[in-house]
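Here the structure is laid out as structure tokens; the discussion comes afterwards.
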Amino acid sequence: MGSCKQCVAWQFGACRNEDYCLPERLSLMEAATDLAREKGHDLGEFERVTEGHSAFRAVCQHCGRSVSIDVNPALGEKDLFGEAIVEPCDAAA
């Protein structure tokens with residue numbers, strides 16, 4: 001079970017189908033951006049992968065590699081993943 005389903009706001013429906021937990025989402029986006037920047041990537045804006053789901057993705061504006069975050073991952077799944085946090089940017093000089 002993901003962390004949202006243990007959250008009181010989730011149980012009362014306060015954030016479902018919205019933008020999910022804003023502090024958690026912003027924290028994950030910042031971590032993803034920092035990790036991608038270490039590899040030379042310049043990420044664009046994070047966008048929701050699929051409407052109603054808890055995953056958001058940003059793409060490097062130079063090489064196209066992406067990083068995704070999932071505010072409410074399933075048990076055993078990562079909340080931060082993608083090529084941009086493990087592979088260097090091809091366009092980085």
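Here are the numbers for this structure:
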| item | result |
| --- | --- |
| Residues of the range 70-93 that turn out to be under 16 Å from GLU24 (Cα atoms) and either touching a Ser or Thr at 6+ places or on another chain (Cβ under 6 Å) or among the small types (Gly, Ala, Ser) (or both), as a count | 5 |
| Matching option when the condition is surrounded by 19 or more Cβ atoms within 10 Å (Cβ to Cβ) and modelled with pLDDT of 85 or more, among ASP34, ASP79, ASP42 | ASP79 |
| Residue match in the range 70-93 (condition: touching a residue at least 60 places away in the same chain (Cβ under 8 Å) and touching a Cys at 6+ places or on another chain (Cβ under 8 Å)) | yes |
| Hits in the range 70-93 - residues which are more than 9 Å from the chain's Cα centre (by Cα), closer than 19 Å to LEU22 by Cα and not in a loop (DSSP other than H, G, I, E, B) | none |
| Hits in the range 50-65 - residues which are under 14 Å from ARG37 (Cβ atoms), of a type outside the set (D, E, K, R) and touching a Cys at 6+ places or on another chain (Cβ under 8 Å) | CYS60, HIS62, CYS63 |
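The rows are residues; the columns are (1) in contact with a Ser or Thr (Cβ under 6 Å, 6 or more places away or on another chain); (2) modelled with pLDDT of 95 or more; (3) over 28 Å from ALA91 (Cβ atoms); (4) in a helix (DSSP H, G or I).
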{"site": "ALA9", "(1), (2), (3), (4)": "no, no, yes, yes"}
{"site": "ALA14", "(1), (2), (3), (4)": "no, no, yes, no"}
{"site": "GLY52", "(1), (2), (3), (4)": "no, no, yes, no"}
{"site": "SER68", "(1), (2), (3), (4)": "no, yes, no, no"}
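The values are calculated or read from the model by the stated rules, or taken from the named source; none is laboratory data. Just so it is clear, the model here is predicted, and its values are computed rather than measured. Note that we place each Cβ from the backbone using ideal geometry, even for glycine, and neighbour counts take in every protein chain shown.
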